[in-house]
Amino acid sequence: MHKKYLGNETRLTYDGRQLAPHWIYRQHDFLGDAIVAFRGPCEVELSEMVDIEDVKADAPISSREMVHFIVEFFDLDLEKAVYRQRLLIVTAKEYLENRLKEKVTRKGDDLFLNRPQDGKPGKLSVSIATSSPVSTLIHTGFNVISEGTPVTTVSLNDLGIDPDKFALAVLDGYTSEVADIWEARCKVRPVF
């Protein structure tokens, strides 16, 4: 699986159009399964949202700065894509718990922590998995700052987590886990 972090110098606004088949290949020349992380704002209008529940609730997604992950796998199993999405979330959760020495709450594909400034629970992430005619796709974003979000959030900055180190650690952990799963699948004999 290809991986790349665009770094703090390359800022992109995630607007939903990046969640498209071959976006990673067209933009970054990675042919095949890949994950790319970048930093930048999040402004997803209802017309670009694939989560119908959020569209029906008239709940657009916005944040002034996030660490974004775009993932593409070239198979068409949407259920497997949701498992892969949850694996990405759990990879981030484990990293945060190891760094913060406290429990991070996962509800489905979202992470929540108590905000250091007021002790209230805040949402750290947004995530969606979907399919295209040729692949399955995942977007996951983690707030870098809390200001300007439409719901109560907590951010990596609030928690004292360096966004660049976070992005690199999640990329490494996730791709390592995916490779390990592939090898586990290949090393067993069939049973009859």
Practice problem: Spot the failing condition for Glu43; the list is (1) farther than 17 Å from Asn157 by Cβ; (2) in a strand (DSSP E or B); (3) at pLDDT 95 or above, and only one is missed. | Solution: (3)
Quiz prompt | Looking only at the range 74-93, and only at residues there that are under 18 Å from Val144 (Cα atoms) and in contact (Cβ under 8 Å) with a residue 60 or more places away in the chain, the one that is surrounded by the fewest Cβ atoms within 10 Å (Cβ to Cβ) | solution = Thr91
Practice problem: Answer yes if at least one residue in the range 107-117 is more than 19 Å from Asp51 (Cα to Cα), assigned to a strand (DSSP E or B) and of a type in the set (Phe, Trp, Tyr), and no otherwise. | Solution: yes
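So that you can scan it fast, the table gives a plain yes or no per residue for (1) modelled with pLDDT under 95; (2) within 27 Å of Pro21 (Cα to Cα):
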residue: Leu96; (1), (2): no, no
residue: Arg99; (1), (2): no, no
residue: Lys107; (1), (2): no, no
residue: Leu111; (1), (2): no, yes
residue: Gly122; (1), (2): yes, no
residue: Pro133; (1), (2): no, yes
Exercise. Would you please list the contacts, defined by Cβ atoms under 7 Å and residues six or more apart or on different chains, that run from a residue in the range 177-192 that is within 23 Å of Leu88 (Cα to Cα) to a residue that is of a type outside the set (Val, Ile, Thr) and in a helix (DSSP H, G or I)?
Key: Glu177/Leu87
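Considering the range 130-154 alone, what residues qualify as being more than 30 Å from Leu31 (Cα to Cα) and either surrounded by fewer than 22 Cβ atoms within 10 Å (Cβ to Cβ) or touching a residue at least 60 places away in the same chain (Cβ under 8 Å) (or both)?
If the condition is that a residue be more than 30 Å from Leu31 (Cα to Cα) and either surrounded by fewer than 22 Cβ atoms within 10 Å (Cβ to Cβ) or touching a residue at least 60 places away in the same chain (Cβ under 8 Å) (or both), then Ile145, Ser146, Glu147, Gly148, Thr149, Pro150, Val151, Thr152, Thr153 are the ones that fit.
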Quiz item: So, of the residues in the range 121-165 that are under 20 Å from Glu53 (Cα atoms) and in a loop (DSSP other than H, G, I, E, B), which turns out to be nearest to the chain's Cα centre (by Cα)?
Solution: Leu124
Self-check item: Only one of Val82, Val67 that is of a type in the set (A, V, I, L, M), under 15 Å from the mean Cα position of the chain (by Cα) and outside any helix (DSSP H, G or I)
Solution: Val67
Quiz prompt | Qualifying residues in the range 115-129 (those that are of a type outside the set (Asp, Glu) and out of contact with any Ser or Thr (no Cβ under 9 Å at 6 or more places or on another chain)) - the one surrounded by the fewest Cβ atoms within 10 Å (Cβ to Cβ) | solution = Gly119
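If you go through the range 161-171, how many residues are touching a residue at least 24 places away in the same chain (Cβ under 8 Å) and either surrounded by fewer than 23 Cβ atoms within 10 Å (Cβ to Cβ) or among the acidic types (Asp, Glu) (or both)?
7
The values are calculated or read from the model by the stated rules, or taken from the named source; none is laboratory data. What you see is a predicted model, and the numbers here were worked out from it, not measured in a lab. Positions of Cβ are generated from backbone atoms using ideal geometry, with glycine treated the same way; all protein chains shown enter the neighbour counts.
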